[in-house]
Amino acid sequence: MGKWSRRAFITTGIAAGGVVVFGVAIRRGDRTAKVRHLIANENDAIFDTWLKIAPDNTITVIVPHAEMGQGVHTTLAMMLADELDADWSRVDILEAPSDKEYANYALARGYTAGGVDFPAWLIDTVDGIFFRASQAIGLQLTGGSTSVRTTGQIAMRVTGAAARIALLQAAADEWQVSVSELTTRDSTVLHAASERSATYASLAEAAARVTLPSKPVLKSSDEFSIMGTSPQRHDIPAKVDGTAMFGIDATLPGMKYAAIQAAPVFGGAVSKLDPASVQDMPGVRKVINLDNSVAVIADGYWQARMALDQLQVEYSDGGNSHWEQSDIFSQFAADLDQSAEAGDEETDLASGDARAALRSAAQVLDAEYRVPYLAHSPMEPMNCMAWVHDGSCELWTGSQNPLGFAKDVSDALGMDLDDVTVHNQYLGGGFGRRGFSDYAVQAARIASSVPYPVKLVWSREEDTRHDHYRQASISRFRGGLDANGKPVAWHNHYVNKHDPEEAPHIPYAIGNQRIVYTESKTHVPWGFWRSVDHSLHAFFTESFVDELAFAAGRDPYEFRRELLQDEPRYLAVLDLAAEKAGWGEPLAKHQGRGISIHRSFGTIVAEVVDVDVVDGELTVPRVVCAVDAGYTIHPDGMAAQMESGIAYGMTAALYGEISIRHGAVAQSNFHDYPMLRMDKAPIVETHIINSGKPLGGAGEPGTPPIAPALTNAIFNATGIRIRELPVQQHDLKRTDFRETDVA
Amino acid sequence: MITLKINGETHSVDVDPATPLLWVIRDYVGLTGTKFGCGIAQCGACTVHLNGAPIRSCATPVQVAIDQEVTTIEGIVKNDGELHPLQQAWIDEQVPQCGYCQSGQIMSAAALLENNPSPSDADIDQAMAGNVCRCGTYPRIRKGIKRAALAINVLHEEATTDG
């Protein structure tokens, strides 16, 4: 084990002082001194650890989040630059190093304390606590749609605003005028009365000696000049000419390549290995047994792959090869039956008396839904280059949690955390997968046995079969309607809860609710998958609401509207999506339209899907999306995230299915785990509401509503209610029936 | 030794002739803009041009490319650094998200526009269906292709008018 002890991180938090630069909103101690060598040039002044001002008046924002296409580097820099009144055309962006001084205290605070408004006098202390807590758990995470809401609000905007106050004060002191006579614009302080001006760079050194308020006043949204606009993303030019560096592109002189195969059955291990079977193959350097996997190092990657194919190796199955997908669902169903019988379910939510209300309901509806396991399948297969030298380990990879990876590698190699460095590259897709450090730990272990750097690249087959999977699940509903078709009871029982906690909750005014779950463990490794539990629960709940509407003989949009009368935010989003989609306009017989609404990560999204079903052939010409994230910092980025979240969720809804055969994943590559392609991709229209409520996320909330909106639309077109995903396993040829024909 | 012509430059590499062109381009020639996605010609991340035609380099043995013209994403930028109209359109439409598939997308689109300067939606569907994007940038790719087609046609008209 590494020496990552409680004492170690507390010691690093103690101030040494003596530096020119100083803190803004966080407990600084000597942090600027500690990070200076990581980010600054000789003449740069560092404000906090998120901002530096160079002598040429270039403003650099240091962002502690990984760029995986969500535009977070640009969006977070906008938040700081706007509060600072910086010249956006002269703003550079740097990703924070995987140093423990960049453990993301803001994210920890936002995540743990939510929107708690700490008093000014407490902020230094509170941030100090969270900073240390973040260090302790190696938190430098990009996920949970948290970046804008936590880092952006807590670190970026406060830093920008506080630094601006310091610069104003420095100018006021120099010119012997009152701060109130000064204004700021484009990285310059102006004194209109005397027509004087000074660049931020010229004031930076003096400003760095000003003591700052911990809680500077932030701009109101009508004062924003950068936030709320859509400047071009900084990462895009390198992504159109092949120069963007992803983890897989990292190279070092003398580097060799590794290919890897893990025991196919989860829980299995290498039981027999004959390295001699490939030692004479071209380029082969070494065969390495990593206990549950085996790797071949060769001069070229293809040589390593060829040798791995030829390698004589056998694996044990960890006692898990009897598992078949049908058995897993049978176990889920049996565990649901058993715990319902015993009454020992875990409770998510209980209000009123759902069981009594069901007994007295005029109409009771039952439905059971199922979803399969899902892999993440980012376009860039897992990979990591590692170099163990001089008592240290350096890693080049794409990670959603570089500091966490460094900690896991330090544990695996028995090194100090200080001796492990992650050079984070662009991520060729993350979606939650790149929060798991398995591939980095493998690369480090492989590299620790040789004197040269090694680049480990997984095959697509390995990527598909050794993911951390979105759980499969069964969810059962019983709903009650009164004589007027008004829902009076909502009973939901499902297997396997992860998070967020509120994912199965509904916003609807239904008096008696009981939402419960039962754990039913399997040997399949679980992982965060874009929107996590919301990805399945929105499908379950928004399908069942649709079923209740149909049972009540009501239009599904009007039905939802009535149940959202006390939820004006939801109502506005729902109405906007319906209006923009032309809800209620007549459709041709082969067409269908479906609606859904779901809140996740603080953001409410409604989606209306149009489908055509001709001779059982499904096409999805259009998705209309309305989103309220409180305030949208970068509207085009928000639209891009809605497009992306919808495509990701639609891929899963249409095709996504990882199934277990003889204990292992049956699928292997894009031919048997298919993806949405250009010819099936809908037009996506995004409409944004700025309600002024607390900020929500963007990367994930587009995903949950798409599956139910799609299957609700298929029901509307065909009368076929899809209760089990993916859609592609269903025959949609039945077109003799239409909801509107019978309703 | 195998001799290859990539982006107009000649490279000699000592590899097994059965090695997929992708790994030769990336690991031996050192051009990393071309990406590995699936290894079985299912995703298009590795798309390059062989004599102007789009191919999946992950499933093409390097021997096929001997004495042929190979063009990668790095090779469609003009010598003076001017971007290909598709690359510019990709910036204007803010197409990429993670960006990993975009070299392949642009190479497929470039081959399409070379043969069909005014593609219809159906033409775009057909030419681009071999390229997967997990970030779902398809609607923007479609817009990007149309924008680039317009730019190319305007340039062409100007050239014709001037002539």
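Every read-out reported here was derived from the displayed coordinates using simple, explicitly stated rules and does not represent laboratory data. Bear in mind the structure is a predicted one, so any value in this text is a computation, not a measurement. As a convention, Cβ positions derive from the backbone with ideal geometry for all residues, glycine included, and neighbour counts pool all protein chains shown.
Overview of values
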| quantity | calculated |
| --- | --- |
| Peptides B:52-61, A:712-721 ordered by average Cβ neighbours within 10 Å, highest first | A:712-721, B:52-61 |
| Peptides A:653-664, A:518-529, A:318-329 ordered by average Cβ neighbours within 10 Å, highest first | A:653-664, A:518-529, A:318-329 |
| Shielding score for B:14-22, defined as the mean number of other chain Cβ atoms within 10 Å | 3 |
| Stretchable slack from A:S220 to A:R196, in nm (0.36 nm times residue separation minus alpha-carbon distance) | 5.9 nm |
| Efficiency of FRET between A:T243 and B:E158 - r from beta-carbon atoms, R0 25 angstrom, step 0.05 | 0.25 |
| Helix B:138-162 vs. chain B, principal-axis angle (Cα, 0 to 90°, nearest 10) | 70 |
| Cβ charges +1 (Lys, Arg) and -1 (Asp, Glu), total dipole of segment A:148-252, debye | 360 |
| Members of A:K521/A:K580; A:K589/A:K680; A:K486/A:K693; A:K239/A:K286 lying beyond 32 Å, as alpha-carbon distances in this model show | A:K521/A:K580; A:K239/A:K286 |
| Residue-averaged beta-carbon neighbours from other chains (10 angstrom radius) around A:241-250 | 6 |
| Average beta carbon contacts from partner chains per residue of A:672-680, 10 Å cutoff | 6 |
| Part-to-part distance (alpha-carbon centres) for segment A:488-506 and segment A:303-326, which is given in Å | 37 |
| Alpha carbon centroid spacing (whole Å) that separates segment B:86-163 from segment B:29-62 | 18 |
| Rg to Rh, two decimals, where chain A supplies the alpha carbon set and Rh follows Kirkwood | 1.00 |
| Estimated distance in nm for a label pair at A:D280 and A:E501, the labels positioned 7 Å out from Cα along Cα-to-Cβ | 6.4 |
| Linear extension gain, A:A509 paired with A:D390, 0.36 nm per residue minus alpha-carbon span | 36.5 nm |
| Where labels lie 7 Å past Cα in the beta-carbon direction, separation of A:H671 and A:E579 in nm | 5.1 |
| Label-point separation, B:A59 to A:Q565 (7 Å along Cα→Cβ), nm | 5.9 |
| Percentage relative contact order, chain A, counting C-alpha pairs under 8 Å, at least six apart | 13 |
